[in-house]
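See below for the structure under consideration.
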Amino acid sequence: MIPSFENFQSRFVEEALDNINELESTLLELDLSPNDKELLEKVFRIMHSLKGGGGMFGFELLSEFSHHMENIYDKIRSGQLAVSSKLLSLTFQSVDILRDLVNVEVIESPEIKVRYQEMVTTVENVLKEEIQVQKSQTVNEGKLTSPNDIPEVTGMATWYIHFYPGAHVLENGTNLLYLIDELGQMGPLKAVPRLLNIPDLEGVEPERSLVFWDLFLSTDMGKAAIMDVFIFVEDDSKIEIQRLSQSDLFTQPQFIARLDTLCENKLEIELADLSEFMVDEPIEEGLAAPVVFDQLGQTSEGKKVTSSSIRVASDKIDGLMNMVSELVITQERLNVIAAQHQIPELKMVAENIQKLTGSLRDSAFSISLIPVESLVTRFQRLVRDLSCSLDKKIAFTTSGTGTELDKTMIESLTDPLLHIIRNSIDHGIEMPDMRKRKGKPETGSIHMEAGYSGANVIVKITDDGAGIDPAKIRANAIEKGLISKDDVLSDNEVLNLVFAPGFSTSKEVTEVSGRGVGMDVVKRNISAIRGEVSIESVPGEGTTISIILPLVLSIIDGLLVQVNHTQYIIPLALTDRIYSIGSDVLKDGFINSVTLNGIQYPFYNLRKELELNGEVPKRYQMVVVNHTDTRIAIAVDKVVGKIQAVLKPLGRMYHDQKVISAATIMGDGGIALVLDTNSIVKELLNPS
């Protein structure tokens, strides 16, 4: 079945967004290394790709705008313009509108069309200004001021191009005739199509390319321009470009006659057949392609080519995770039935199903995990744009960005991190002259660090700015009525007041901050994904905001426990060990502390705290859990065993309670509540 145009269009949108994201990250690199020719070439090629694809799939505004930007970077790479801060800022603005121009839902809106026209005018004006600046510098200095080398000397030349498309090049919607037509617009062209071995009619595959070309072109645009024509197909095609002469051979009747004779009598033209017209110079290298494909999808060495990755729609991953969740619940039901009937064969099958389900669950998890690195480009862009607007110098660095999180968690984490970094730029990092007076480097630093800690992921944002003065926070909180003058709070408790709703230390309302919203929203969004946020700061030295998150959201290995007739689940990854003690020990315990195997632990009596009635057991099971290197013991009546728990969110009625984080459906159809051990630890160590 041949894919519809809409399928091709949606595939182009996905690839275009990837290209735009890659463009943004490349520009951030170019901002640090403006003389890097490879980066300049990469920017140009992305613009060229967007231009060609946009025109092919009906995104005319995208194609036209990309063409404007392509012209700028063509002048830069040819040495007619130099990379400047103004041009880079303009290109960053272009990235934003490119994303809108590929969005089919908003592309027809009047607002986008107005923005498009304004941006095109800005591009044209900036280009004129930069060209004038370059001319002035060239005249004043008497030399070329571009950081690039002297541009390639172009001129009329005749080229031989051997174009051997990959077998599957048509599957992405590429029309090879458009490429030939684009070459024809560059100058006189003779295109000689050749056919491969044609299979029987029943063996013909409509999407399989069976044609290759010998092409002869005279143009004054140079080899690089010819290479750009093949930008969509270079990765899976064989393309060779050879200059025959430094003149237009199509003006010579002998050359045309020779070509006609060769086309009629030879299946494939060789360079030796045209030696009389070739210049006496070394043969140039052909257009390099990562892989040369033959028509069987193999490399020229005969090795099968396999893709290292595939693109999968987000909703398909969500569907997979939902099915795995249902399978886990069904598998637990099978375990219950096997335990009830004590049939050896059934028990063996249930155990095998449990192992397979666990493996499938882990595989599905790995598919849904995304590295924190995917967020870095947005943060780098924010730091660049905002620091420029505030006239501050800031270096943004990262570490541990290979740390992976559930994709849902990544999506929920983006906005809180953006706000934290924005606050670091606005409130934390001082102006360069102020930093200099304090003996600090003029350039401030913001560092993002991610890493694993047991079953959690910890993300930290650290700046070396002014820090937070607890006295100022306290005074502000008293003024806003968040606390009273008589309240006794530690410095850490005072710092955490910044997460209170409506708290802000900004005196003025700006586009960046000062509206009384922000850090409370950060905390609320982090709490919504079962995470925690804390703050540490040293006045004059800087601030660190830490976010602790569970590794996954949907399915966990849990320890099933029971209090009275109610079942609860403790995340197994947080469980350290289990002890058994007499109930009288807890009854006589001093300030909720108990000694287990010679180690003293604070303990949380689940029966007492949840006010569960019923007969008290003679012995309690003490489950020791570890939360960021802090260990406490949770007292339960009975430990039932290990279980795979599919986490289901609680209703709104339970949002305010802190002990329970979710619920799960048991194999017998009952409900077990999942304990929020992080909240239990905080409540036990810091009672309100």
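Derivation of every value follows stated rules applied to the coordinates shown; laboratory data play no part. Since we're looking at a predicted model, the values are computed, not measured. As a convention, Cβ positions derive from the backbone with ideal geometry for all residues, glycine included, and neighbour counts pool all protein chains shown.
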Rounded FRET efficiency, nearest 0.05, which uses the C-beta distance separating S275 from D318 and R0 of 60 Å: 0.45
Size of charge dipole - the stretch 157-277 - debye, nearest 20, with Cβ of Lys, Arg +1 and Asp, Glu -1, no other charges: 400 debye
Label-point separation in nm, D220 to E373, each point 7 Å along Cα→Cβ: 4.7 nm
Charge dipole of the chain about the Cα centre (unit charges at C-beta), most positive-ward option of G669, L262, P470: P470
Label-point gap, in nm, between K642 and T121 - each point 7 angstrom along Cα→Cβ: 6.8 nm
Cα→Cβ-extended label distance, 7 Å offset, between L32 and K618, nm: 6.7 nm
Residue-by-residue Karplus 3J(HN,Hα) for the stretch 459-466, coefficients 6.51, -1.76, 1.60, Hz, glycine and proline x: 10, 10, 10, 10, 10, 9, x, 6
HN-Hα J in Hz across the stretch 92-100 - Karplus 6.51, -1.76, 1.60, θ = phi - 60°, x for Gly and Pro: 4, 5, 5, 4, 5, 6, 4, 4, 6
Reported label for calculated log10 I(q)/I(0) by the Debye sum over Cα atoms at q = 0.05 Å⁻¹ given [x] -0.56; [y] -0.25; [z] -0.38: [z]
Fewest-first sequence of F365, F65 by Cβ atoms within 10 Å of each Cβ: F365, F65
Principal-axis tilt of helix 519-528 within the chain, Cα atoms, nearest 10 degrees: 80 degrees
Cβ-Cβ FRET estimate between I337 and D18, R0 fixed at 51 Å, reported to 0.05: 0.60
Burial ordering of L375, L210, fewest other beta-carbon atoms within 10 Å first: L210, L375
Entries in K485/K658; K392/K480; K86/K135 that, when Cα-Cα distance is taken, lie over 25 Å: K485/K658; K392/K480
Out-of-range pairs (alpha-carbon distance over 26 Å; input K113/K316; K472/K523; K440/K460; K316/K355): K113/K316
Gain on full stretching of the segment that runs from K86 to I131 - 0.36 nm per residue minus C-alpha separation: 15.0 nm
In Hz, Karplus ³J(HN,Hα) per residue of the stretch 611-616 (6.51, -1.76, 1.60; θ = phi - 60°; x = Gly, Pro): 6, 8, 7, x, 6, 6
Electrostatic dipole magnitude of the chain [Cβ: Lys, Arg +1; Asp, Glu -1; Cα centre; debye, to 20]: 3020 debye
